[in-house]
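What follows is a single structure, written as structure tokens, with notes after it.
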Amino acid sequence: MAISVFDLFKIGVGPSSSHTVGPMRAAYDFVAELREQDLLERVAGVEVALYGSLSATGIGHGTDRAVIMGLMGERPDKIDPSIINPCIEELQEAQTLMLDNRYAIPFVWQRDMRLLDESLPHHPNAMRLIAHGHKEELYRNTYYSVGGGFVIDEAQAQAGELDTDSTTLPFDFNSAEQLLALCKKHDFTISQLMLENEKAWRSEAEIRSELWRIWEAMKDCVDAGLHQGGILPGGLNVKRRAKALHERLLAMEDSQSLIASTFSAMDWVNVFALAVNEENAAGGRMVTAPTNGAAGIIPAVLHYYMKFQPGADEKDVVDFLLAAGAVGILCKKNASISGAEVGCQGEVGSACAMAAAGLAELMFGTPAQVENAAEIGLEHNLGLTCDPVGGLVQVPCIERNAIASVKAINAALMAMRGDGEHFISLDKVIRTMRDTGADMQEKYKETSKGGLAVNAIEC
């Protein structure tokens, strides 16, 4: 299995990579398969069944709407988020779905959109799509949204595949130990090794251009979040805070107070992270990093560097994202980045480790120091549960991104104060995350059936 940095950093929409981006992509793939088999014109109806975590928190995460948009031929990286609500309202009123945006078929929401209180064997995020003709079933497939917008179908799941990409990489690695050994053997930094691997798919110019485009999308998301006020949708009446905090920070720039002079950088990190995740909660344009629920951490830390480091430039963005991507690949291969599978340690924990690694890379850390930074960032998020209140990616998700962003910076600073040697390796921490996730009760893994999700609404 080969994973590219662009598999981890994907432009999409909020509020969830596994519950929104993945299901939209799966539905789009389902329609593409119907098209390939020349079945589209024969479709008289489509049945959608959501299972496990996709069912439990699907409404709050917009899974049902995302599937419909995918069936209409929309892709998460191309869709204009502003069209989603009007399209859904029109469909529900007319009870008609424009399959592939071309073929009108009946779709009765209460009948054809089924949220089932059961799980399928391969992953908690499961959905089944069935296309019916006038008298017979035409095609069905089951899809698993395995975190970060990654999707596999039933055949891949049964084969134990996480992805279909079998590209041969010049410096492939499956553990941090292997990664460090390769860097030492070839005298690479981690970002240099990642760049060489990425050339298996794209030219260096394309890699740099695409990573800059990812960064531009992250910046656009921050900017949108800094200029939007009001109440987030979903019914919890959570107020957006980034806009007001940003205005307050601008007013405090000349302040000589102790807090302003010593913690202003951390204030900026907080406001960047809040801006991204408020946009995510509102269903805006996002970059999975590596998931939507943790999408504010890497942009906040990279913004921190670009704002406060004199001379920061495009090369720094590329090196940061490549080094962060190496850690994300390890988390994806050896544990999970899915909150429904291992809890929020797999989302916020992985993103914190990735951001810490990226920052250490820009601080001229050795590969061992970069690995140490990632290890610190992940180790101190172990056991983190995923218990979103009301099934919405708002509480505790938004603040959690800000806290983890500051933690990532501290992890990088601590690693840079050492020589790279440390007691627990990144590989062992990733393995611990996997094992902890397996031991964690299901109610703490993105089902909104335990923890804060229950206690916050008790009368």
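The values are calculated or read from the model by the stated rules, or taken from the named source; none is laboratory data. Not measured: the values here are computed from a predicted model. Cβ atoms come from the backbone with ideal geometry, glycine included; neighbour counts cover every protein chain shown. SASA here: full protein model, heavy atoms, side chains in, ligands and nucleic acids out. Shrake-Rupley method; radii C 1.70, N 1.55, O 1.52, S 1.80 Å.
Packing-wise, with mean Cβ within 10 Å as the measure, how do 442-454, 73-85 rank, highest first?
Top of the packing list down: 442-454, 73-85.
Measure off 7 Å from each Cα along the Cα-to-Cβ vector at residue 168 and residue 94, then give the distance between these two points in nanometres to one decimal.
5.2
With Rg and the Kirkwood Rh both taken from Cα atoms, where does Rg over Rh land for the range 196-244? Kindly include the intermediate steps, with their values, before the conclusion.
On the way: Rg = 17.4 Å, Rh = 13.4 Å.
Looking at the range 196-244, the ratio lands at 1.30.
Largest first and in whole Å, what are the equivalent-ellipsoid semi-axes of the range 126-215 based on the Cα gyration tensor, each being the root of 5 times an eigenvalue?
On the way: eigenvalues 286, 57, 24 Å².
Gyration-tensor ellipsoid for the range 126-215: 38, 17, 11 Å.
For the chain, with all protein chains present and a 1.4 Å probe, just round the carbon and sulfur fraction of the accessible area to a whole percent.
Values: 9290 of 18950 Å².
Answer for the chain: carbon and sulfur cover 49 percent of the accessible area.
Semi-axes of the equivalent ellipsoid for the range 351-391, please: Cα gyration tensor eigenvalues, times 5, square-rooted, ordered largest first, whole Å.
27, 10, 4
Viscosity 1.306 mPa s, temperature 10 °C: what is the translational diffusion coefficient of the range 222-346 from Stokes-Einstein with a Kirkwood Rh over Cα pairs, rounded to a whole number of µm²/s?
Reported coefficient: 99 µm²/s.
Using a Debye calculation, one point per C-alpha and no hydration shell, please list log10 I(q)/I(0) for the range 1-132 at q = 0.12, 0.15, 0.19, 0.21 Å⁻¹ in order.
The calculated log intensity ratios at q = 0.12, 0.15, 0.19, 0.21 Å⁻¹ are -0.44, -0.69, -1.11, -1.33.
Report, please, the projected area of the range 296-380 averaged over directions, based on the convex hull of its C-alpha atoms, in nm². Intermediate values should be presented prior to the final figure.
Numbers: hull surface 21.0 nm².
Average of the hull's projected areas for the range 296-380 equals 5.3 nm².
By the gyration tensor of its Cα atoms, with a ≥ b ≥ c the square roots of the eigenvalues, what is the shape of the range 277-338: rounded for a/c under 1.5, prolate for a/b over b/c, or oblate?
Numbers: a/c = 2.80, a/b = 1.21, b/c = 2.31.
The shape class here is oblate.
What share of Cα pairs, in percent, lie more than 17 angstrom apart in the range 64-139?
Values: 1472 of 2850 pairs.
For the range 64-139, the fraction of Cα-Cα distances above 17 Å is 52 percent.
Can you give me the Kirkwood hydrodynamic radius for the range 67-192, using every pair of distinct Cα atoms, in Å to one decimal?
Details: mean 1/r = 0.0545 Å⁻¹.
After inverting the pairwise mean of 1/r, the radius is 18.3 Å.
Can you pull a Stokes-Einstein diffusion coefficient for the chain at 25 °C (0.890 mPa s), Rh from Kirkwood over Cα pairs, as a whole number of µm²/s?
Details: Rh = 22.2 Å.
For the chosen part, D equals 110 µm²/s.
Over all distinct alpha-carbon pairs, what is the Kirkwood Rh of the range 265-420 in angstrom?
On the way: mean 1/r = 0.0670 Å⁻¹.
Every distinct Cα pair counted, the radius reaches 14.9 Å.
State, to one decimal in nm, how far the label point of residue 78 lies from the label point of residue 413, with both points 7 Å from Cα in the Cβ direction.
A separation of 4.5 nm, rounded to one decimal place.
Roughly how large, in nm² to one decimal, is the mean projection of the convex hull of the alpha-carbon atoms in the range 350-459? Display every interim value, and only then the final one.
On the way: hull surface 28.6 nm².
Quarter of the Cα hull surface area: 7.1 nm².
With a probe of 1.4 Å, find how much accessible area the chain has per residue, and write the answer as a whole number in Å².
Working: 18950 Å² over 459 residues.
Heavy-atom accessible area per residue stands at 41 Å².
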